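Each reported figure results from applying straightforward, stated rules to the coordinates on display, with no laboratory input. All figures in this text were calculated on a predicted structure; none of them were measured in a lab. Backbone-built Cβ (ideal geometry, glycine too); neighbour counts: all protein chains shown.
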Amino acid sequence: MSGLRAYTAQASDQLIVAERVRSHMPLARKIAWQVHGRARDLFDIEDMMQIAMLALVEAAQRFEDRGDATFGSYAIMRIRGTLIDHVRNNLTLTRNAVQRRDKIVAAEKQIAAEAGDVSDPALVAAKLGITKTELMQWRNQITVAPDKSLEEVYDDHSAWFTDPGHTPESAFAADQLKQRLVANLKRLKERDAMVLQLYYVEELNLEEIAEVLDVTVGRVSQIKKAALAQLREWLQDD
């Protein structure tokens with residue numbers, strides 16, 4: 001009987017942990033975007049998201065409800081602390097990688113201006129004053145991820161593309177609208193598209209977006225309003 005009680009208690013604990021994680025996933029994503037906003041040129045948001053989610057799971061497993069703090073406040077502290085530690089621990093290496101990336105880009109531009117072959121590693125290495133082996137090491141160290149396409153950001157799981165229809169006709173119409181929306185989102189300026197992503201996909205409020213982009217709340221509101229107006233105009237003209 002004691003074994004059954006222990007099994008039941010363990011199953012109950014697992015359900016509690018799972019519910020904590022499920023209900024606080026939006027919080028983890030918001031914190032990831034906030035911390036990423038302070039070093040967005042050096043870290044990939046997807047990596048920050050993953051770290052935040054892992055920290056959330058760990059927090060859900062470790063939290064003990066003693067009545068003096070809510071799980072939400074505990075999770076905020078754990079997630080933010082984990083992300084900040086990650087940034088601090090990797091900042092030096094990442095800055096070095098960014099500097100090397102910039103040197104490689106500059107060397108390739110010089111080679112192109114001289115009508116040289118930028119795909120030739122020997123030419124690039126010579127321009128940098130290093131060996132081909134060192135150049136390969138430099139390239140391997142560059143950890144800054146390429147820009148994500150809006151097709152990757154606004155996917156089938158995005159609230160923008162939720163299909164409310166239940167018929168083949170409505171599904172086809174929704175798919176057509178999705179394709180038109182994706183095409184027009186690509187036409188927006190990068191910051192305009194990011195504001196829409198953060199507001200509609202990541203569900204950040206205007207104050208949080210302002211913190212991520214390091215602008216005023218009023219400026220975020222202006223960007224959002226202008227971007228939506230531009231999208232409506234383009235969609236009407238399609």
Subject >> Spin-label model distance (nm) - VAL215 vs ILE84, 7 Å beyond Cα toward Cβ >> reply: 2.7 nm
Subject >> Theoretical FRET efficiency, 1/(1+(r/R0)^6), r = Cβ-Cβ of GLU203 and GLN230, R0 22 Å, to 0.05 >> reply: 0.50
Original post:
Stretch SER23-GLU64 to full length: gain in nm at 0.36 nm per residue minus the Cα-Cα span?
Top reply: 13.1 nm
**OP:** Filter the cross-link list LYS189/LYS225; LYS109/LYS186; LYS186/LYS225; LYS186/LYS224 down to pairs whose alpha-carbon distance in this structure exceeds 19 Å.
**Re:** LYS109/LYS186
**OP:** Please find the FRET efficiency linking GLU114 to GLN137, where r is the Cβ-Cβ separation and R0 is fixed at 22 Å, and quote it to the nearest 0.05.
**Re:** 0.35
